[in-house]
């Protein structure tokens, strides 16, 4: 067992007899130190907010924690790179997601692991409990089941439902693509994009690139290029079947402007990199070993922009840049759903923030002195506290514009000031 592995196991266990195992707990937000406070916290005083909510269900946002509470829900069928390990084996990951919600966006979250795997049971269970929360974050549910689950829950539930495995990487890589286009002078509609990996994340990324204007997308799964001659495609893959003679990753990579890897180690060769168009971009997102290591890719191209899912390389594609702030904005305007416009607003905010001067504390966290907008910095750092203001406000504004916000008289500047105060008061 490695030192890091043992340290991680120790981290998750109680440090003393008064501590708790795991990573999350309950924070009481109101005093309960006197008889009167006890009477208000529970019986008889608690009856009064109950009666207000009975008269107007939206009053739950005023008298309960609903407006700042997200459920992180998984069935454990596609946990990180570990696969179908079971619902309880996935619980440390879901607890970790709750930690990120709280640490980065001050959103309370609880993890719920479902010991059911069929589509109808998952949908029925989540729909039955959804009103308790301000939002639902679906996590690590295998494709293609996850597509139908999210789609139907979005139709049923009165709160935002967001499968981060689908949309998180899409939001972040779209931000990187926006900035790469600016640097290269290319236009989205002129690009050739190759997506290696046709799971939930790959499909969602391709969908967002299309929304950005990309028209030429070649997608590959474990059997090769997804083309119109194949008869083994699900509905999601069929949408990306193209009429082409390309069959292999090497075929697809020729003259590609971008390769997105959501597959596994060593899926992108140096020959593929060499065959790409001028000023190419690669997002090699497999973890812990990307499809190609940055140093190897750069050894054959000096005009390359490359990002990975790892924190020890530049341009990390990290979902924590997205989901905490997307939910923060959605919760604060009492959104009923997360729209395509809200996701694109998050991407554009991330892209814009990357062009701002990097604070000293961010550079210090990365131990870098070269953090400025350019090929080695096209995506903001997760440690940039401005993310809370930039991304959450953009998402909230988009929700208002799309007509899915429940708040009245939304004031964008006042909301930004509130977020700034929240960021300033963060530990």
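The values are calculated or read from the model by the stated rules, or taken from the named source; none is laboratory data. Bear in mind that the values here come from a model prediction, so they are computed numbers and not experimental data. Every residue, glycine among them, receives a Cβ derived from its backbone with ideal geometry; neighbour counts consider all protein chains shown.
Against the list (1) in the same structural domain as residue 377 (by TED's automatic domain parsing); (2) within 20 Å of the chain's Cα centre (by Cα); (3) in a loop (DSSP other than H, G, I, E, B), the condition residue 355 fails is (2). In summary, helices (runs of 4 or more DSSP H) completely within segment 163-258 and bearing 1 or more residues that are touching a helix residue (DSSP H, G or I) at 6+ places or on another chain (Cβ under 8 Å) and farther than 28 Å from residue 76 by Cα occur at 164-184, 200-212, 249-253. Going through (1) closer than 17 Å to residue 312 by Cα; (2) under 22 Å from the mean Cα position of the chain (by Cα); (3) part of a helix (DSSP H, G or I) one by one, residue 363 falls short only on (2).
Residues that are touching a residue at least 12 places away in the same chain (Cβ under 8 Å) and closer than 25 Å to residue 140 by Cβ within segment 312-321 comprise 313, 315, 316, 317, 318, 319, 320, 321, listed in sequence order.
For segment 372-396, give me each residue that is more than 21 Å from residue 417 (Cβ to Cβ) and either surrounded by fewer than 21 Cβ atoms within 10 Å (Cβ to Cβ) or not assigned by TED's automatic domain parsing to the domain that holds residue 420 (or both). Of everything in segment 372-396, those that are more than 21 Å from residue 417 (Cβ to Cβ) and either surrounded by fewer than 21 Cβ atoms within 10 Å (Cβ to Cβ) or not assigned by TED's automatic domain parsing to the domain that holds residue 420 (or both) turn out to be 372, 373, 374, 375, 376, 377, 382, 383. Looking at residue 60, is it outside the structural domain of residue 142 (by TED's automatic domain parsing), within 30 Å of residue 392 (Cβ to Cβ), in contact with a helix residue (DSSP H, G or I) (Cβ under 9 Å, 6 or more places away or on another chain) and part of a helix (DSSP H, G or I)? It is true that residue 60 is outside the structural domain of residue 142 (by TED's automatic domain parsing), within 30 Å of residue 392 (Cβ to Cβ), in contact with a helix residue (DSSP H, G or I) (Cβ under 9 Å, 6 or more places away or on another chain) and part of a helix (DSSP H, G or I).
For segment 181-204, name all the residues that are closer than 22 Å to residue 355 by Cβ and surrounded by 17 or more Cβ atoms within 10 Å (Cβ to Cβ). Spell out the reasoning first.
Step one: list which residues in segment 181-204 are closer than 22 Å to residue 355 by Cβ, which gives 181-188, 191.
Within segment 181-204, 181, 184, 186, 188, 191 qualify.
State yes or no: is residue 263 at pLDDT below 95 and under 16 Å from residue 205 (Cα atoms)? Full working, then the answer.
Details: at pLDDT below 95: yes; under 16 Å from residue 205 (Cα atoms): yes.
It is true that residue 263 is at pLDDT below 95 and under 16 Å from residue 205 (Cα atoms).
Criterion first (at pLDDT 95 or above, within 26 Å of residue 143 (Cβ to Cβ), buried (at least 24 other Cβ atoms within 10 Å of the Cβ) and outside the structural domain of residue 382 (by TED's automatic domain parsing)) does residue 268 satisfy it? So residue 268 fits the description; yes. From the set of residues in segment 53-86 that are surrounded by fewer than 20 Cβ atoms within 10 Å (Cβ to Cβ) and touching a strand residue (DSSP E or B) at 6+ places or on another chain (Cβ under 7 Å), which is nearest to residue 309 (Cα to Cα)? Among those residues, the one meeting the criterion is 85. Here residue 50 clears all of (1) more than 30 Å from residue 407 (Cα to Cα); (2) out of contact with any helix residue (DSSP H, G or I) (no Cβ under 6 Å at 6 or more places or on another chain) except the condition numbered (1).
Taking the condition within 29 Å of residue 351 (Cα to Cα), crowded, with 20+ Cβ neighbours inside 10 Å, touching a strand residue (DSSP E or B) at 6+ places or on another chain (Cβ under 7 Å) and not assigned by TED's automatic domain parsing to the domain that holds residue 90, does residue 164 pass? The answer is yes for residue 164. Residue 393 meets each of the listed conditions (1) part of a helix (DSSP H, G or I); (2) touching a strand residue (DSSP E or B) at 6+ places or on another chain (Cβ under 9 Å) apart from (2). Within segment 211-233, the set of residues being under 15 Å from residue 257 (Cβ atoms) and without any contact (Cβ under 8 Å) to a residue 24 or more places away in the chain is empty. In this structure, does residue 142 turn out to be part of a helix (DSSP H, G or I) and either at pLDDT 95 or above or surrounded by fewer than 19 Cβ atoms within 10 Å (Cβ to Cβ) (or both)? Considered against the rule, which asks whether it is part of a helix (DSSP H, G or I) and either at pLDDT 95 or above or surrounded by fewer than 19 Cβ atoms within 10 Å (Cβ to Cβ) (or both), residue 142 comes out as no. If only residues of segment 284-309 that are buried (at least 18 other Cβ atoms within 10 Å of the Cβ) and free of Cβ contacts under 8 Å to residues at least 24 places away in the same chain are counted, the one that is farthest from residue 78 (Cα to Cα) is 294. For segment 401-408, the condition of being crowded, with 18+ Cβ neighbours inside 10 Å and in contact with a helix residue (DSSP H, G or I) (Cβ under 9 Å, 6 or more places away or on another chain) holds for at least one residue. Does segment 322-340 contain at least one residue that is farther than 19 Å from residue 161 by Cβ and in contact (Cβ under 8 Å) with a residue 12 or more places away in the chain? No.
In summary, residue 410 fulfils each of the numbered conditions (1) part of a loop (DSSP other than H, G, I, E, B); (2) out of contact with any strand residue (DSSP E or B) (no Cβ under 9 Å at 6 or more places or on another chain); (3) modelled with pLDDT under 95; (4) over 28 Å from residue 201 (Cβ atoms) with the single exception of condition (3).
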